[in-house]
Amino acid sequence: MVNTLDPQNFNNFSEASVSVEIETEDMTLNIGPQHPSTHGVLRLVAKVDGEKVYDVKPVLGYMHRGYEKLAEVRSYPQITTLVNRIDWVAGFSNEIPFIAGAERLMEIEVPERAKHIRLILTEMARISSHFVFNGAYALEVGALTPIFYAMEDRERVLDLIESVTGGRFHPNFNRIGGVKPAAGSGPTTKKDIQDLPAGFYRDTKVAMQKVIEAADQFQNLIGGNEVFKKRTKNVGILTAETAEAFGVSGPILRASGVKSDLRTLTDYLPYDQFEYDIPVGENGDCYDRWDVRVKEMVESAKIVLQAIDSMPSGPLQAKVPKVIKVPKGRTYVRAENPKGEMGYYIVSDGGLGPYRLKVRTASFSNISILPLLLEGALLPDLIAIMGSLDFVLGDVDR
Amino acid sequence: MEIYEIVTYFTLLLLLFSAARVVTTSNVIHAAISLVFTLALTATLFLLLSTQFVALVLVLVYIGAVIVLFLFGIMITRAPLGKNAELDNDKNKLIGATISGAIFLLFSYILINGFDGEIVITSGSSTELLGEILLSRFVFPFEIVSFVLLAALIGGITLARKDEALVDEDQV
Amino acid sequence: MEEFLSKINENFINTDVEFETINIKVDSSQWVETHQKLKDEFDLKFFSWLSAIDWDNEVSIGEAPKESVSPSFEIITCLSNVSNNNLVTVSTTISKLEPKITSLVEIYAGANWHEREAYEMFGINFENHPNLEKLYLPDGYEGNPMLKSFELISREVKPWPGEVDVEGMPEEPESDESVDG
Amino acid sequence: MISYFQDYVTIAAVLGFGLFLVVLLLGVASVLRPNKPYAEKLQTYECGVDPVGSGWSQTYVRYYIFGLLFVIFDVEAVFIFPWAINLEKLGYFGLIEMFVFIFILLIGLIYAIRKDVLKWE
Amino acid sequence: MIVQPVLVTAAALFSLGIYGILVRRNAVMVLLSIELILNAVNINFIIFDSMLADSLMQGQIFTIFIITIAAAEVGIGLAIVLMLFRNRQTANINEFDLMKW
Amino acid sequence: MTDVLVKVGFLALAALNGAIIFTIMDVKGASWMQRRPGPLHVGLRGFIFPLAEILKFVQKEDIIPTEVDRPVFKWAPAYVMVSCVALFAVVPMSPTLVVADLELGIFFALAISSLGTIGVLTAGWSSANKYSLMGGLRAAGQLIAYELPLILAVVGVVIQAETMSLVGIVEKQIEWGVPFVVGGQVVGFLIFMVAATAEMMRVPFDMPIGESELTMGFMTEYSGIRFLIFYISEYMNMFILCAIASTLFLGGYHVPLLPTEWVNFYGPVVLLTKTAILGFILVAVRWSQPRFREDQLQNLAWKILIPASLINILVTAVMKVGF
């Protein structure tokens, strides 16, 4: 076993994190951790020559919370609370693959209604995440207004999520075997109608209509802007091949022209019952990445509208034992999250908690492409490219 | 015209002071900024001598453009921030002072003895007239100037570009 | 899927299917070849993740495995294809005494950061890795946190890094359960 | 005082007012503001980590070329203004003169564009 | 106003420029000193223009030409200094002792 | 002498009020375009918020990092402020209501505005901060690149007016009966406004400040009162460049058909209205556009605006001489 204090390694590391004076022609620029456009506390150590970036080293770990370690000492229901906080922009989506994994190991059949509710809320989380991206990305390329529009529109979606789950960012709504009865429902005897708050269908329909309108507005306001096009078209081109080799997934992969969506490939939620398009980009540049996300918002809204119409009735919870013990085994469940493929590799030894929980997050793999994409870019492009990857530090560091 | 003369002498004094700072300060950026003040005071002097157009040309071209070019030059040649001990050639100081002092004495002697006159400013000199003369009598030098500028532009670009190419090969 | 599975079975000995995921167990000497083969012949170009499991009976936190295991590292990679739902995990076991394995960076560029993570979390050495450095942990951090033998109550070992402690240091070491939940 | 000096004395007063405004703001602030410096506060901003290397570096020669282009065209502008107010008097002669002048300098600009010194990649 | 003090100041500016050229080691500083000399010349031209007050305004026109040429001179001069700097990594004129490298 | 003091007092009023009015306009415009309330709680529905802003900045600690070149760092804001204030001197509110009607009015304005370049460049340099240096260089590169179209766009007006005095230019427009923007200087006006926006370093040309890239560019290390000086200067600059544009191209203090005898009464109102309209356009542009990239900015200046303005000069000259 290698000691990390091995002087050899230690020296290498300190060189990388530039705690030494560098006698070169070039400027070593620290972008982050406290920088307006690093989405939290990512740090990039960039070597720049004038405006040109020719080497970038991401330094992670400012938000490392050791979830994988913590998960080893927590029980399955407790971990749901933890995973909520991985990608906090779309908190609900994080729960799904974990819960699905546990259910798969326990061989529990989740009621259809619970699945539908999960699906609706996941898509809402996706919409809210893409809203944040839209606003923040516009801000990063210098447009100051769209973020207010995006936040305002996102509020409607968050309100809906709140009305069902009681939480806006960290719903903690999923239970093994189904979902929790909704927050606003209150005590009632009619078990099958207490799950969703009154007026939820109506409000959702209105809100989703607004989302479609908002996406249209973004297409005109941002996508139609010549300056925005100049800033993003043909900037940061990512080929499908490189993307796959780096494990880049989600909208970024689709923007590179790969029609890949885990919603259709796997069956963690009943997406096969609905009709929707998978938007695909052409060039894999920043504009495509933006465009794919905006189009995805519309598709998600359509899915929600369909799911509302075809909502089955029935119980919210399958029968589960009082003390949840997952049988011995291992499984990997992946889901199409707003940022890309998120998965949990659960290794259970039959106890109350997992023996090992590997969290595969989308942003981690997605930003590992940064050094490659940024080589030779100009400094403003660096921001544009970084923003177009739409990462969340909680999702990177875990 | 009492105030006028006081102002003029005051300007001259400040001019000398800031010019002396240009050549004596040990901070490169301070030297450049002192030159800004020297030029601004020269422009003031020109205004006092009624040549307003030249004064403004001095401001526009020198302060607005040439000094910026100097600042770029200083930044590109990586002048250190703050005092720079290496800036002066100390062993040349005495000889420099001697030579420049001699020149000053010689010039002063010639100028004081050679010219003796009094200026009375009655109005600002006309820019319109200046333009007319410039573009009729001096039309040949005027066109030559465009060639000089073109030559400077092409020369500067060639020099700066060439060395950019060198850098590309050697260092990057 | 069936076709793919049979093709896998033809090529690899130690395979099993668990919840639609094909697990291939290989010897650590076969590590690189297996991945090369899976990438070239089975079209598994999407590198999902790489991680490790620390199999140990003597654990300081959590619960020990129900049945005793031989102490070892299990390294797992997950590969998939972007256009179908073929999902393969490849695992190998290496000794804890000499934890090293050949890096996959040559085959899957994305393995870079995952290997760095495994390196700092478990202390596994990846040979031929271009820059095997810490990814998350700060300078001078000692130990490999994801090892089962690593104490989770890190604050007893190291003081809070900030100037002001958010709460007082515990007077005396508490038991693992009470700290960790 | 002749009107010429009247004008420029006013200009001087305006410049003085600008300076006065700066000094006034600085003076007022120096009375009102707190002053509690400590080492960390006085550190150069570099996104929350200790500054690396020297705070400046060799810059692009590109900016120098922009500066050079600017100087040349600035000088050109100096000649254009006296011409512009005399155009009526100078007539076609002045027109052709300036055509030649601008044309020659445009060659310089075209040269710069063709040599790609304005390009960034 | 008597012209002599202005003329003496111009002479002083000129000799300060000479001093700068002799003493300064940094090439950019030498160019700055040259500007001082040109400035002294400008002042002389303007003062003589005011003295003569001729209808041709030759002093002013010459000053404008000098400013023009000075701008071109600085442009080229600094370009040369930058090139030397790129090759030698210094702007110290003592190092520039080769005609060719 | 009292004459001069009165004029300077008048100018002080105009400069500070202009800055304050434009600050309010910018902020309220932002809130209006962004569907949010904006400043509300400070006095008259937030309309005296700039005063609170000034008070806030005055009370803030002025942090000067240890690394900086102190004298240069401390006085860099002054160049910017002085060059902005000096511009106010030449803008006429009416034929007589003008601080100094120089014979070389517009030439003076262009010359003195170039002083600001030195301010930003030295501010960026002396901060000893990489972001500041890059911001300062960007700012200087941008200011010089857009100074040229600005100057050359003015030449068209000067050709038509045959004078450089701003009062003279307005009088010429009154004589013509139409503002120059109608009388053949449309291209010149557009170039002037684009270049002026760049000179103000406002969106879409705000990359020297570029908060998402360079954090605050050359102002990164500035805090407290010195930052306020940059901040006020920005709005003063915006006000005065709009005023100059309205004087040069939009007929200044006069609108066609109004009796010229009464110009002293309605002149200031007319000029301020025109300035405010131009300012409003700038506000609308600021809150609806992303920012250009540095190379695109330079390309726009050198490859489009400068050739266009040179052609504009030649065309105007041919029209002038030929017709």
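The values are calculated or read from the model by the stated rules, or taken from the named source; none is laboratory data. Bear in mind that the values here come from a model prediction, so they are computed numbers and not experimental data. Neighbour counts are summed over all protein chains in view; Cβ atoms, including those assigned to glycine, are modelled from backbone coordinates with ideal geometry. Accessible surface is based on the protein model in full, side chains and every heavy atom, while ligands, DNA and RNA are left aside. Shrake-Rupley method; radii C 1.70, N 1.55, O 1.52, S 1.80 Å.
Rounded to the nearest whole Hz, the Karplus-based 3J(HN,Hα) values (6.51 cos²θ - 1.76 cosθ + 1.60, θ = phi - 60°) of region F:315-323 follow the sequence 5, 4, 5, 4, 4, 5, 6, x, 10, with x at glycine and proline.
Packing-based ranking of D:13-23, D:92-102 yields D:13-23, D:92-102, ordered from highest to lowest mean Cβ neighbour count within 10 Å.
How big is the F-B contact in terms of buried accessible area, both chains counted, 1.4 Å probe, rounded to the nearest 100 Å²?
Details: alone 15230 and 13980 Å², together 26980 Å².
It comes to approximately 2200 Å² buried between F and B.
Couplings 3J(HN,Hα) for region F:211-222, derived from phi with the Karplus relation 6.51 cos²θ - 1.76 cosθ + 1.60 (θ = phi - 60°), are 4, 7, 10, 9, 6, 8, x, 5, 9, 3, 8, 7 Hz, where x marks Gly and Pro. Peptide B:99-106 has a mean shielding of 5, counted as Cβ atoms of other protein chains within 10 Å of each residue's Cβ. Against the main long axis of the alpha-carbon atoms of chain F, helix F:115-126 sits at an angle near 10°.
Placing a label point 7 Å from the Cα of D:ILE2 along the Cα-to-Cβ direction, the residues of region B:120-141 whose backbone N falls under 14 Å from that point are B:120-127. Top mean-square fluctuation among F:GLU147, F:GLU171, F:GLU103, Gaussian network model of chain F, C-alpha springs under 10 Å? Checking each option, the largest mean-square fluctuation is seen for F:GLU103.
Pairwise alpha-carbon distances in region F:66-322 exceed 25 Å for 43% of all pairs. Remark on region E:4-88: hydrodynamic radius 14.0 angstrom, per the Kirkwood mean of 1/r across alpha carbon pairs. Remark on the protein assembly as shown: ratio of C-alpha radius of gyration to 2.2 N^0.38 Å is 1.07.
Return one whole number: the accessible area per residue of region F:18-109 in Å², for a 1.4 Å probe.
Ligands and nucleic acids excluded, the figure is 38 Å² per residue.
Taking amide H as placed 1.01 Å from N in the peptide plane, A:ARG85 has no amide H partner under 5 Å among residues 5 or more places away or on another chain. In summary, region F:15-62 shows an alpha-carbon radius of gyration equal to 1.19 times the 2.2 N^0.38 Å reference for compact globular proteins. Full extension of the chain segment joining F:PHE323 with F:ASP3 gains 110.9 nm, where the gain is 0.36 nm per residue of separation less the Cα-Cα distance. Evaluated at q = 0.08, 0.10, 0.13 Å⁻¹, a Debye calculation over the C-alpha positions of region C:2-157 (equal weights, vacuum) places log10 I(q)/I(0) at -0.25, -0.39, -0.65. Between B:SER126 and D:GLN43, the modelled label-to-label distance comes to 6.7 nm, taking each label 7 Å out from Cα in the direction of the beta carbon. As an exercise, use a Förster radius of 60 Å and the Cβ-Cβ distance of D:TYR92 and D:ASN35 to find the FRET efficiency, rounded to the nearest 0.05. Once the sixth-power term is evaluated, E becomes 0.35.
If each DSSP helix of 4+ residues adds -39,500 (n - 2.57) and the sum is divided by the residues in the protein assembly as shown, what number results at 222 nm, nearest 500 deg cm²/dmol? Walk me through the numbers before you get to the answer.
Numbers: 46 runs with 721 residues, N = 1296.
Result for the protein assembly as shown, helices only: -18500 deg cm²/dmol.
Averaged across the residues of F:299-310, what count of C-beta atoms belonging to other chains lies within 10 Å of each residue's C-beta?
Values: counts 4, 0, 4, 9, 4, 0, 0, 4, 4, 0, 0, 8.
Across the residues of F:299-310, the mean count of other-chain Cβ atoms within 10 Å is 3.
To the nearest 0.05, how large is the calculated FRET efficiency for B:PHE17 and D:LEU19 if R₀ is 25 Å and r is the Cβ-Cβ distance? Computed FRET efficiency for B:PHE17 and D:LEU19: 0.90. Chain B and chain E together bury an accessible surface of about 7200 square angstrom, both sides counted, with a 1.4 Å probe and no ligands or nucleic acids included. Going from the isolated chain to the complete set of protein chains, region F:196-237 loses at least 20 Å² of heavy-atom accessible area (1.4 Å probe) at F:GLU211, F:SER212, F:GLU213, F:THR215, F:GLU221, F:ILE225, F:ARG226, F:ILE229.
The shape of chain A comes out oblate: with a ≥ b ≥ c from the C-alpha gyration tensor, a/c is at least 1.5 while a/b does not beat b/c. Helix F:186-200 sits at what angle to the longest principal axis of chain F, using alpha carbons and giving 0 to 90 degrees rounded to 10? Roughly 20 degrees between the two axes.
At 4 °C and a viscosity of 1.567 mPa s, what translational diffusion coefficient does Stokes-Einstein give for region B:1-83, taking Rh as the Kirkwood radius over Cα pairs? Give it in µm²/s as a whole number. Don't jump to the answer; show the numbers that get you there.
Numbers: Rh = 13.6 Å.
This corresponds to a translational diffusion coefficient of 95 µm²/s.
Give me the accessible area per residue for chain A, probe 1.4 Å, as a whole number in Å². Walk me through the intermediate numbers first.
Numbers: 12980 Å² over 398 residues.
Each residue of chain A exposes 33 Å² on average to a 1.4 Å probe.
What the Cα convex hull of chain B gives, in volume per residue, is 182 Å³. Taking amide H atoms as placed 1.01 Å from N in the peptide plane, the amide H of C:GLY143 lies under 5 Å from those of A:THR4, each 5 or more residues away in sequence or on another chain.
Based on C-alpha pairs under 8 angstrom that are at least 6 apart in sequence, region A:333-389 has a relative contact order of 23 percent.
Applied to region B:38-52, the Karplus parametrisation 6.51 cos²θ - 1.76 cosθ + 1.60 on θ = phi - 60° returns per-residue 3J(HN,Hα) values of 4, 5, 4, 5, 4, 4, 4, 4, 5, 4, 5, 8, 6, 8, 5 Hz, with x for Gly and Pro. Across A:LEU42, A:LEU238, A:LEU60, mean-square fluctuation computed from a Gaussian network of chain A (C-alpha pairs under 10 Å connected) peaks at A:LEU60.
Database remark: amide H of A:GLY178 closer than 5 angstrom to the amide H of A:ALA318 (H placed geometrically; neighbours at sequence offset of 5 or more, or on other chains; Pro and chain starts carry no H). Which of F:PRO307, F:PRO50, F:PRO204 moves the most in a Gaussian network model of chain F with Cα springs under 10 Å? Between F:PRO307, F:PRO50, F:PRO204, it is F:PRO307 that shows the largest mean-square fluctuation. Residues C:HIS35, C:HIS129, sorted by accessible area with the largest first, give C:HIS129, C:HIS35 [1.4 Å probe; ligands and nucleic acids excluded].
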